[in-house]
Amino acid sequence: MTVDSKIFPVKLFRNNEGQVFITDGWAKVARVMDLQQKDIIVFKLITDTMFRIFIYKHENSTCGSSMVVVILKPSQPFILLSADFLHNCYGDNVPEQIVTIHGDEVSPRCWNVKLSRQGDKYSFNDGWFKLSKDIHLEYAYFIVFSQLTRVSFQVTLYAQNGTQLVIPKHEYNNIEIQSSGNRQHLNHQEFNGKQGGIQKPVYATEPDLIEFTTTANKPLRLPTNVAKAAKLHDELMPIKMRYLSKKTYMVGVRPEISNKTTRFALTGWTDFLLSNRIHKGDKIYWAFQSSKRLLIVNKVDPKVN
């Protein structure tokens with residue numbers, strides 16, 4: 001289990017009723033992280049044997065540039081935001097502007113809402129009511145907002161029992177790539193995972209591909225031609241990223257300026273490496289499909305020692 005770059009060994013125990021508890025080691029986590037009653041803890045599975053936890057303190061509901069909200073009035077046309085959360089995102093100058101809220105790693109949906117000030121309070125309002133209806137927001141659900149860029153956030157939805165819920169996909173935004181018909185190969189290697197006993201390659205539906213290779217280091221900076229194809233110089237919008245046939249992640253992009261040259265690095269890159277068991281120094285073969293703003297890992301060659 002990791003939190004704030006600290007690693008804590010813990011043990012999981014399942015009772016006769018099928019309930020799972022964290023036992024040995026949890027007391028140390030609570031003591032070191034100063035956990036208090038009403039704090040909210042989000043567990044994120046990184047590998048089969050590792051969780052990352054995010055602690056939202058009850059007094060401000062924030063954890064860095066992310067914030068948790070417990071929904072008490074699901075039908076109201078706005079949602080109030082913590083001042084500490086916005087300060088962590090914007091500093092002392094919180095803008096009133098239209099922002100884009102993206103679905104979680106599974107859902108490619110997005111909504112435009114207005115970040116507005118009302119007296120000494122800020123909220124998401126114009127567009128929020130539609131978002132709440134689209135994701136089927138209910139009483140006592142939890143929502144986590146995480147900043148991706150200055151004009152975009154990601155939303156993750158949890159049920160009252162703490163289970164993460166899948167945000168419904170828009171019927172016109174299904175980004176699954178079909179593997180039938182006479183189409184161009186996107187993945188020149190067969191991926192793991194068999195269907196009907198046959199390993200099936202991934203195909204692209206459009207020939208707008210840019211292929212490149214990188215070494216798994218931190219951070220991942222996109223090649224200039226990929227940044228141009230993604231139009232990142234015009235607007236810092238998140239990018240979808242997928243490893244072979246596995247689930248799709250939504251990752252943020254941040255600009256880095258060096259010697260008057262702007263490069264673009266991906267946020268969430270470390271989590272992507274951990275969850276897919278890609279190690280530092282491994283060689284990664286990529287394809288970027290510009291029409292879908294989709295980065296796909298075609299192949300990974302382990303580092304040669």
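Among the candidates Arg109, Arg52, which residue alone is under 30 Å from Leu294 (Cα atoms) and in contact with a His (Cβ under 7 Å, 6 or more places away or on another chain)?
Matching residue, one of Arg109, Arg52: Arg109.
Could you go through segment 115-137 and let me know if any residue there is touching a residue at least 40 places away in the same chain (Cβ under 8 Å) and under 18 Å from the mean Cα position of the chain (by Cα). Give the steps one after another, and end with the answer.
Keep residues of segment 115-137 that are touching a residue at least 40 places away in the same chain (Cβ under 8 Å), which gives 121-125, 128-129, 132, 137.
Next, from what is left, pick out any that are under 18 Å from the mean Cα position of the chain (by Cα): none.
Checked segment 115-137: no residue is touching a residue at least 40 places away in the same chain (Cβ under 8 Å) and under 18 Å from the mean Cα position of the chain (by Cα).
I'd like the full set of residues that are farther than 21 Å from Val166 by Cα, at pLDDT below 75 and among the charged types (D, E, K, R), limited to segment 235-265.
Listed by number, the residues that qualify are Glu235, Lys260.
What number of residues within segment 1-50 are in a loop (DSSP other than H, G, I, E, B), free of Cβ contacts under 8 Å to residues at least 24 places away in the same chain and not acidic (Asp, Glu)?
14
Does Pro77 fit the bill of being closer than 22 Å to Lys133 by Cβ and in the same structural domain as Phe142 (by TED's automatic domain parsing)? Let's see the steps before the verdict.
Working: closer than 22 Å to Lys133 by Cβ: yes; in the same structural domain as Phe142 (by TED's automatic domain parsing): yes.
Criteria met by Pro77.
Identify, by number, the condition in (1) outside any strand (DSSP E or B); (2) touching a strand residue (DSSP E or B) at 6+ places or on another chain (Cβ under 8 Å); (3) under 21 Å from Asn125 (Cα atoms) that His58 doesn't meet.
His58 satisfies all of (1) outside any strand (DSSP E or B); (2) touching a strand residue (DSSP E or B) at 6+ places or on another chain (Cβ under 8 Å); (3) under 21 Å from Asn125 (Cα atoms) except (3).
Please tell me if Ala265 is among the hydrophobic types (A, V, I, L, M, F, W, C) and part of a strand (DSSP E or B).
Answer is yes for this residue.
What are the residues in segment 116-150 that are under 24 Å from Ile55 (Cα atoms), surrounded by fewer than 17 Cβ atoms within 10 Å (Cβ to Cβ) and out of contact with any helix residue (DSSP H, G or I) (no Cβ under 9 Å at 6 or more places or on another chain), if any?
Glu138, Tyr139, Ala140
Among the residues of segment 266-292, what is the count of those that are out of contact with any helix residue (DSSP H, G or I) (no Cβ under 9 Å at 6 or more places or on another chain) and modelled with pLDDT under 85?
Residues meeting the conditions: 13.
Being within 19 Å of Phe145 (Cα to Cα) and of a type in the set (D, E, K, R) narrows it down to one of Asp34, Asp39, so name that one.
Within the list Asp34, Asp39, the selection yields Asp39.
Within the set of pairs 6 or more residues apart or between chains, which connect a residue that is more than 15 Å from Cys110 (Cβ to Cβ) inside segment 231-255 to a residue that is in a loop (DSSP other than H, G, I, E, B) and among the β-branched types (Val, Ile, Thr) with Cβ atoms less than 8 Å apart?
Tyr243/Ile278; Leu244/Val202; Ser245/Val202; Lys247/Val106; Arg254/Thr267
If Gly268 meets every condition in (1) buried (at least 18 other Cβ atoms within 10 Å of the Cβ); (2) at negative phi apart from one, which number is that one?
(2)
Name the one entry in Val68, Val94, Val113 that is crowded, with 18+ Cβ neighbours inside 10 Å, in the same structural domain as Leu148 (by TED's automatic domain parsing), under 22 Å from Pro238 (Cα atoms) and in contact with a helix residue (DSSP H, G or I) (Cβ under 8 Å, 6 or more places away or on another chain). It would help to see each step written out before you state the result.
On the way: Val68 fails: in contact with a helix residue (DSSP H, G or I) (Cβ under 8 Å, 6 or more places away or on another chain); Val94 fails: crowded, with 18+ Cβ neighbours inside 10 Å.
That would be Val113, the only listed residue that is crowded, with 18+ Cβ neighbours inside 10 Å, in the same structural domain as Leu148 (by TED's automatic domain parsing), under 22 Å from Pro238 (Cα atoms) and in contact with a helix residue (DSSP H, G or I) (Cβ under 8 Å, 6 or more places away or on another chain).
The values are calculated or read from the model by the stated rules, or taken from the named source; none is laboratory data. All of these numbers come straight from a predicted model, not from anything done at the bench. Every residue, glycine as well, gets a Cβ built from its backbone with ideal geometry; the counts of neighbours run over all protein chains shown.
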